[in-house]
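Encoded as structure tokens, the structure appears first; notes follow it.
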Amino acid sequence: MAVTSTPNRSHSETGSEIERAVASAWKEALGVSEVGFNDTFLTSAPIRSRLPRFTQNCKTRWDARFRWSISFSFLQSVRSPAIFPEHNRPTPRPALQTVRSAGGLRDSAERKIMRPSAIAIVSMAGRFPGARNPGQFWKNLRDGVESIRSLSDDELLAAGVTRGELGRPGYVKRASVLDDVALFDAAFFGLSPRDAAIMDPQHRHFLECAWEALEDAGHPPRHFSESIGVFAGSGMNSYLIHNLLANHELLDSAGLFQLKQTGNDKDVLATRVSYQFDLRGPSINVQTACSTSLVAVHLACQGLLNHEWDMALAGGVTIEIPHGQGYIYRDGEILSRDGHCRSFDALATGTVFGSGVSLVVLRRLEDALEDRDVIRAVILGSAINNDGARKVGYLSPSVEGQAEVIAEALEFAGVSADNISYIEAHGTGTVVGDPIEIRALTQA
């Protein structure tokens, strides 16, 4: 069982009443005779399979307010500081306090560059399962449309699934399918059919959406004389693995370097956009897993506030290859048992990976107003951080890290929590992630 212990800890140390109760709940859930107050419970599959039992044990010990938050705070250890929110309020970083204390800056020029300001979203573009654009995507969200759909055996066989795989226990015939993955207007971008075929579909769709976003903003590159930056990230380049490297004739004729560097490697996603559109601002690839697109937006905003560039494209793309296939459910893993993602629901059993692409075009608010741009939304503030080791395992989030970054973003924006009326969350529908996210929002 994946439980680690700190040196010289004692199983018999007294501890507080709540710590003794949690240790007892863990002993019952894990079926062991001793649990130390400093033991760390890692999120391996065996431990995750015992979480419902541990949670039920906790429910018999505390009222409803603490059922989820205390249970998952104590995944870190029985003696977890996360259960004492009054002693765990996040504080702004010193750098942020310096920025907000404008009177302490050296001169008015520095104050103008460094002070928090507003960023306008002047355009959006995207493609999603069941939605060809952001407008349709929002309509689906508003109407409660589930864009994860069931797949027939014929569809799965056509997508490359073998009959043996279909017959495996736990195979879930559900997927989040993106339409027209194989389509691309190569001629519009001056690319040959061969170059287009070599290019990862993620890069193709990102390129098309980048043009759509700039055109929708009313600032196509040839008509915008200022600096435009690109901040972008993509998923694993599985097209190279499953399609190109398996084609030995293509590999021999084109060479591995060309296959990777002209349209498949993550490193060339942003620079490909800059090259095709002749953009002269920075072209930066951002890779932070699930947070990639939001981190790209944050970095783009910071440079706009520092007047390093005048407009920015920011976003990300993930397209699963092979596409339109189901998956094997394994107890204790992140994937959903039945192919439904029920975020913040007691019936949730996990998540379902999907495909899509989305970008925004960003400008300083004063510039957008001066040019009479259509302003879709205004970003008042953003922040990023990292959990470090303050979490139960590498793949898990932490209450403290999330609460701190939320509080920092609110501080930077000059907005109080009671003014927030709508929140978009990660909402993976997992037994670990959702409760931690709710606890972090509550704590912040």
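Any read-out appearing in this document is the output of simple, stated calculations on the displayed coordinates, not a laboratory observation. Only a predicted model underlies this, so the values are computations on that prediction, with no experimental measurement involved. Heads up, the Cβs are rebuilt from the backbone with ideal geometry, glycines too, and the neighbour counts pull from every protein chain shown.
If you add up the charges near Pro397, with Lys and Arg at +1 and Asp and Glu at -1, over every other residue whose beta carbon is less than 11 angstrom from its beta carbon, what do you get?
Values: positive: Arg390, Lys391, Arg439; negative: Asp387, Glu400, Asp434, Glu437.
After counting each charged neighbour, the total is -1.
If you take every DSSP beta bridge fully contained in the stretch 114-443, what fraction is antiparallel? Give it as a percent rounded to 5. All intermediate terms of the calculation are to be shown ahead of the outcome.
Details: 23 of 34 bridges.
Counting only bridges with both partners in the stretch 114-443, antiparallel ones make up about 70 percent.
Which of the peptides 401-408, 293-300, 278-285, 197-204 is most tightly packed, and how do the rest follow, going by the mean number of other Cβ atoms within 10 Å of each residue? Before the final figure, lay out the partial values.
On the way: 401-408: 20.8, 293-300: 22.4, 278-285: 17.8, 197-204: 24.6.
Highest mean packing first, the order is 197-204, 293-300, 401-408, 278-285.
Treating only the Cβ atoms of Lys and Arg (+1) and Asp and Glu (-1) as charged, compute the dipole magnitude of the stretch 114-443 about its Cα centre; round to the nearest 20 debye. Provide the component values of the computation, followed by the final result.
On the way: 27 positive and 42 negative charges, 84 e Å.
Taking the Cα centre of the stretch 114-443 as origin, the dipole is about 400 debye.
Highest first, please rank the peptides 306-315, 260-269 by the mean number of other Cβ atoms sitting within 10 Å of their residues. Show your work: numbers first, answer last.
Values: 306-315: 21.5, 260-269: 19.8.
Listed from highest to lowest mean packing, they are 306-315, 260-269.
Taking 31 Å as the cut-off for C-alpha to C-alpha distance, list the pairs among Lys139/Lys391; Lys27/Lys173; Lys266/Lys391; Lys260/Lys391 that go past it.
Lys139/Lys391; Lys27/Lys173; Lys260/Lys391
Rounded, prolate or oblate: which fits the stretch 387-444 when a ≥ b ≥ c are the square roots of the eigenvalues of the alpha-carbon gyration tensor, with rounded for a/c under 1.5 and prolate only if a/b beats b/c?
Numbers: a/c = 2.77, a/b = 1.55, b/c = 1.79.
Here the stretch 387-444 falls in the oblate category.
Local charge sum around Asp185 (other residues, Cβ-Cβ under 14 Å, Lys/Arg +1, Asp/Glu -1)? Could you put the intermediate results ahead of the total?
Numbers: positive: Arg127, Arg204; negative: Asp180, Asp195, Glu208, Glu212, Glu215.
In short, -3.
Counting only the backbone N, which residues of the stretch 221-238 are under 20 Å from the spot 7 Å out from the Cα of Ala159 toward its beta-carbon?
Taking a point 7 Å out along Cα→Cβ of Ala159, the residues of the stretch 221-238 whose backbone N falls under 20 Å are 235-238.
So if the hydrodynamic radius of the stretch 283-390 is defined as the Kirkwood radius over C-alpha pairs, what does Stokes-Einstein give as its diffusion coefficient at 37 °C and 0.692 mPa s, in µm² per second? Before the final figure, lay out the partial values.
Numbers: Rh = 17.0 Å.
Rounded to a whole number, D works out at 193 µm²/s.
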